[in-house]
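Every read-out reported here was derived from the displayed coordinates using simple, explicitly stated rules and does not represent laboratory data. Just so it is clear, the model here is predicted, and its values are computed rather than measured. Cβ placement follows ideal geometry from the backbone for every residue including glycine, while neighbour counts extend to all protein chains displayed.
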Amino acid sequence: GLAWGQTTIAVFDFENNGLKKHEVRQLSTRLESEVVKIGGFRVVERTKIDEIMKEQKFQMSGCVDECLIEIGKMLGAKQIILGSVGELAGLYTITVKLVDAETGELIRTSNYDAENGLKELLKIGLKKVAFQLIQNKSSKNDISKNYRNEKDNGESLVEFARKAKKISDISSNK
């Protein structure tokens, strides 16, 4: 049944930029699983998404953001997750967006680059991406969490703190 107060969310298969079809499907399924683990959402069953795509004769390949938002609405989703995954010069990269299905407004984005292949993307990257998309609000309290994500890029805490302070100063001087 429908849990009171939970937002319904649909997770679509990623756009494929150079991977095998089954790899993309598995990565999409894993992101869906990570969203379920975080909780607080009612996630639309993948089979229901597939059914609507067939019924409406949508082709995943030709279905861009607007089309996915339309399908999300048909499924009763308030928000949708869509994105792309690919490989470029040995780097596996994923970019994911959380979109309001009612307005088409971009709520949040997240991306992850895995230097150690699909295994890293599957085991670490998707968990981080799901967490970044689903976090309820971004605030200064998130700086330590963001640092943990940035640290993987070789940035020192001092450099990160300087950047965070600049961002904080800029946003408070509006």
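Side notes on the structure shown:
- For residue 6, the shell of other residues with beta-carbons less than 12 Å away shows a net charge of +2, using +1 for Lys and Arg and -1 for Asp and Glu.
- Across all C-alpha atoms in the stretch 37-90, the radius of gyration and Dmax reach 13.1, 39 Å.
- For residue 88 and residue 45, the difference between the fully extended length at 0.36 nm per residue and the C-alpha to C-alpha distance is 12.4 nm.
- Treating r as the C-beta distance of residue 36 and residue 73 and R0 as 25 Å, the FRET efficiency rounds to 0.75.
- Trypsin sites (Lys or Arg not before Pro) restricted to the stretch 24-72 and DSSP loop, no more than 14 other C-beta within 10 Å: 57
- The chymotrypsin sites (Phe, Trp or Tyr not before Pro) found in the stretch 4-76 that occupy coil by DSSP, while having at most 10 further C-beta atoms within 10 Å, are 4.
- The modelled label-to-label distance for the pair residue 119/residue 21, using points 7 Å beyond Cα in the direction of Cβ, is 2.7 nm.
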